[in-house]
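The values are calculated or read from the model by the stated rules, or taken from the named source; none is laboratory data. Please read all numbers here as calculations on a predicted model, not as lab measurements. Note that each Cβ is placed from the backbone with ideal geometry, even for glycine, and that neighbours are counted across all protein chains shown.
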Amino acid sequence: DAKTTQPTSMDCAEGRAANLPCNHSTISGNEYVYWYRQIHSQGPQYIIHGLKNNETNEMASLIITEDRKSSTLILPHATLRDTAVYYCIVRVALKTSYDKVIFGPGTSLSVIP
Amino acid sequence: GAVVSQHPSRVICKSGTSVKIECRSLDFQATTMFWYRQFPKQSLMLMATSNEGSKATYEQGVEKDKFLINHASLTLSTLTVTSAHPEDSSFYICSARTLASRRQGAGSNQPQHFGDGTRLSIL
């Protein structure tokens, strides 16, 4: 799997958009970009994933650059409950289910009142 | 959405005992389950991957005789920490996923869904 790099930590004012960047410059053509987050003392929560098109769901938007070497997770109106560690992961799409997710250190997002 | 239930959420036991942790997919069939451990202020570390009906594949440095994994059905996997010692105290997290559906076509990929973790404390 391709490696990703993320800032160690970020702050965001409550009610503002939180934009979390991720670099994955060695991503392959068949690798998806996944975002998860982990709130303190809980299991990770799936947020969103995409291949090359931008994606949006009820939680967030995912913007992937045209060359696919980086992406940005956008939380449109951050709340205090969005304070968590956010993980960006790339993973190859396989027809079998045997493929593993390796977590990096992630970005610790603090939403400030 | 897909729900993964993990039990127990917290366990405290004496050194030398064995502890079993259960991971269940409640509303989908999980062809693959993953077990992670996490130490304070660190990221998740993958321990092993199990496919239903076959032996688990362990990551380098993880003792398979110490951490027994069973994935006997499409909705249940168990992790047993045998002869636990204080250094085994950690946050253990399971996740589950299923194969991509035909409707999604080749190249699509289901995300993993995680349980809420088990905090294991060995005295």
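Would you mind stating whether B:Ala100 is more than 18 Å from A:Gln42 (Cα to Cα), at pLDDT 90 or above and surrounded by 17 or more Cβ atoms within 10 Å (Cβ to Cβ)? Don't jump to the end; show me each part of the working.
On the way: more than 18 Å from A:Gln42 (Cα to Cα): yes; at pLDDT 90 or above: no; surrounded by 17 or more Cβ atoms within 10 Å (Cβ to Cβ): yes.
Here the answer is no, as B:Ala100 does not meet what is asked.
If you go through region B:6-34 and keep only what is at pLDDT 95 or above and within 12 Å of another protein chain (Cβ to nearest Cβ), you end up with B:Gln6, B:Ser9, B:Arg10, B:Cys23.
Out of (1) away from chain B (no Cβ under 12 Å); (2) under 9 Å from the mean Cα position of the chain (by Cα), the odd one out for A:Thr79 is which? (2) is the only condition that A:Thr79 fails. Criterion applied to B:Ala48, B:Ala56, B:Ala96 was being within 12 Å of chain A (Cβ to nearest Cβ) and either in contact (Cβ under 8 Å) with a residue 60 or more places away in the chain or basic (Lys, Arg) (or both), and the one residue passing it is B:Ala96. Just one of the listed residues (A:Lys52, A:Lys69, A:Lys100) is within 10 Å of another protein chain (Cβ to nearest Cβ) and out of contact with any Phe, Trp or Tyr (no Cβ under 6 Å at 6 or more places or on another chain), and it is A:Lys100. Within region A:4-29, the set of residues being in a loop (DSSP other than H, G, I, E, B) and surrounded by fewer than 21 Cβ atoms within 10 Å (Cβ to Cβ) comprises A:Pro7, A:Thr8, A:Glu14, A:Gly15, A:Arg16, A:Ala17, A:Ser25, A:Thr26, A:Ser28, A:Gly29.
Suppose we keep only residues that are buried (at least 22 other Cβ atoms within 10 Å of the Cβ) and farther than 18 Å from A:Arg91 by Cβ within region B:82-93. Which one would you say is modelled with the highest pLDDT? Among residues in region B:82-93 that are buried (at least 22 other Cβ atoms within 10 Å of the Cβ) and farther than 18 Å from A:Arg91 by Cβ, the one modelled with the highest pLDDT is B:Tyr92.
Which residues, taken from region B:72-81, are small (Gly, Ala, Ser) and surrounded by fewer than 22 Cβ atoms within 10 Å (Cβ to Cβ)? Scanning region B:72-81 gives B:Ala72, B:Ser73. Here A:Leu62, A:Leu75 are screened, and the one residue that is touching a residue at least 40 places away in the same chain (Cβ under 8 Å) and not hydroxyl-bearing (Ser, Thr, Tyr) is A:Leu75.
Just give me the residues in region A:30-59 being in a loop (DSSP other than H, G, I, E, B), surrounded by fewer than 21 Cβ atoms within 10 Å (Cβ to Cβ) and in contact (Cβ under 8 Å) with a residue 12 or more places away in the chain, in sequence order. First the steps, then the outcome.
Our first condition is that a residue be in a loop (DSSP other than H, G, I, E, B); within region A:30-59, this holds for A:30, A:39-44, A:51-54, A:57-59.
Still in the running and surrounded by fewer than 21 Cβ atoms within 10 Å (Cβ to Cβ): A:30, A:39-42, A:51-54, A:57-59.
If the condition is that a residue be in a loop (DSSP other than H, G, I, E, B), surrounded by fewer than 21 Cβ atoms within 10 Å (Cβ to Cβ) and in contact (Cβ under 8 Å) with a residue 12 or more places away in the chain, then A:Asn30, A:Ile39, A:His40, A:Leu51, A:Lys52, A:Met59 are the ones that fit.
Quick grid of which residues meet (1) more than 20 Å from B:Ser83 (Cα to Cα); (2) exposed (fewer than 12 other Cβ atoms within 10 Å of the Cβ); (3) charged (D, E, K, R):
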site	(1), (2), (3)
B:Thr17	no, no, no
B:Phe28	yes, no, no
B:Met33	yes, no, no
B:Phe39	no, yes, no
B:Glu52	yes, no, yes
B:Ala56	no, no, no
B:Val62	no, no, no
B:Asn70	no, no, no
